[in-house]
């Protein structure tokens, strides 16, 4: 059952509607990542939930009770900011303890909770330091610990890893789910980093044009994006989009003409014969070969770039269309970086089919 609900929420600034009739239901203990491009309204949504901003219309409920009329101090909602927002004159210990002191807890209980959180977040060795003595990673952990010290009904995290270095960001992607599970927090996490969204969310809500365009599991968003725009937001290298118009072959199977070659599509493609499509192929679903093979199209290798433990290859078909392929570095064919003829086998069984006019995925 829904524990936290956003019901037809709207917010405008002048003539600009930032949040438009937005709704979402969240289970208790669930982590939902709000993902979208810069300026799409993610932070405005968090401010509406926290009570810093008031909505023009709609309701926000926790455990069935409306909190829309309450001020920020009475909503049982905590927020951790991307700029840390620590008290500069207080030690890390006192920063974490501040919401507990506001609740007038006993000193022994305050000390127990602070040390428990600090150990969980691996900052117990810097509790006596002031913010200026902490690294950005330690500041971020301290800010998160303060938000969790008096566990709120809903925890809002506003792009909290944006200002930490790549190593700390990677570590926190691993640690955060563990910490949030430990505290059974219901979490709204905002980011514009798709890898973070995929790593941290039980579900991901893709926000743009004022509302959630798709809410699904990370695997669902990546594997079944509802539109070309969503498909492009997730993936690095990005999805290939190849124009095609399915036709029936002599044996009654549907075929696609890509790169000057006819490729047999999956049975589901037969219902799309005659429609103008954009075929979405993820780079990892393309196999690059050094010899001709059945079902492979002739392409020219334009560039090869190692990308961490994967290799990315820029290919060009006979019509000049660029195609990106990727594979584990150890599995890549024995290719030099120079331009040369190769063959690409596209896994059409894993392809996404979009209507060329509407750019929406065809189910």
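The values are calculated or read from the model by the stated rules, or taken from the named source; none is laboratory data. Since the structure is predicted, the reported quantities are computational estimates derived from the model, not experimental observations. When we count neighbours, we look across all protein chains shown, and the Cβ atoms used for this are built from the backbone with ideal geometry, even at glycine.
Structure values in brief
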read-out: Residue in region 42-61 that is part of a strand (DSSP E or B), surrounded by 22 or more Cβ atoms within 10 Å (Cβ to Cβ) and either over 24 Å from the mean Cα position of the chain (by Cα) or assigned by TED's automatic domain parsing to the domain that holds residue 191 (or both) present; value: yes
read-out: Some residue of region 224-239 being assigned to a strand (DSSP E or B) and under 17 Å from residue 344 (Cα atoms); value: no
read-out: Region 286-313 residues that are in contact (Cβ under 8 Å) with a residue 24 or more places away in the chain and assigned by TED's automatic domain parsing to the domain that holds residue 329, paired with ones that are outside any strand (DSSP E or B) and surrounded by 14 or more Cβ atoms within 10 Å (Cβ to Cβ) (beta carbon under 6 Å, 6 or more apart); value: 288/333; 290/333; 297/259; 299/317; 304/335; 312/237
read-out: Residue in region 137-154 that is surrounded by 14 or more Cβ atoms within 10 Å (Cβ to Cβ) and more than 28 Å from residue 48 (Cβ to Cβ) present; value: yes
read-out: Test result for residue 209, outside the structural domain of residue 308 (by TED's automatic domain parsing), surrounded by fewer than 19 Cβ atoms within 10 Å (Cβ to Cβ), in contact with a strand residue (DSSP E or B) (Cβ under 9 Å, 6 or more places away or on another chain) and on the phi > 0 side of the Ramachandran plot; value: yes
read-out: Among residues of region 232-275, those that are more than 19 Å from residue 295 (Cβ to Cβ) and loosely packed, with under 13 Cβ neighbours inside 10 Å, counted; value: 3
read-out: Residue tally, condition part of a loop (DSSP other than H, G, I, E, B) and either in contact with a helix residue (DSSP H, G or I) (Cβ under 6 Å, 6 or more places away or on another chain) or not assigned by TED's automatic domain parsing to the domain that holds residue 6 (or both), over region 62-97; value: 4
read-out: Hits in region 119-138 - residues which are assigned to a helix (DSSP H, G or I) and at pLDDT 90 or above; value: 124, 125, 126, 131, 132, 133
read-out: Lone unmet requirement of (1) in contact with a strand residue (DSSP E or B) (Cβ under 6 Å, 6 or more places away or on another chain); (2) without any contact (Cβ under 8 Å) to a residue 40 or more places away in the chain for residue 106; value: (1)
read-out: Sole exception among (1) under 25 Å from residue 117 (Cβ atoms); (2) in contact with a helix residue (DSSP H, G or I) (Cβ under 9 Å, 6 or more places away or on another chain) for residue 223, by number; value: (1)
read-out: Which numbered condition residue 301 misses (of (1) at pLDDT below 95; (2) surrounded by 14 or more Cβ atoms within 10 Å (Cβ to Cβ); (3) under 17 Å from residue 254 (Cβ atoms)); value: (3)
read-out: Strands (runs of 3 or more DSSP E) contained in region 250-363 and holding at least 3 residues in contact with a strand residue (DSSP E or B) (Cβ under 7 Å, 6 or more places away or on another chain) and under 24 Å from residue 221 (Cβ atoms); value: 277-281, 322-328, 352-355
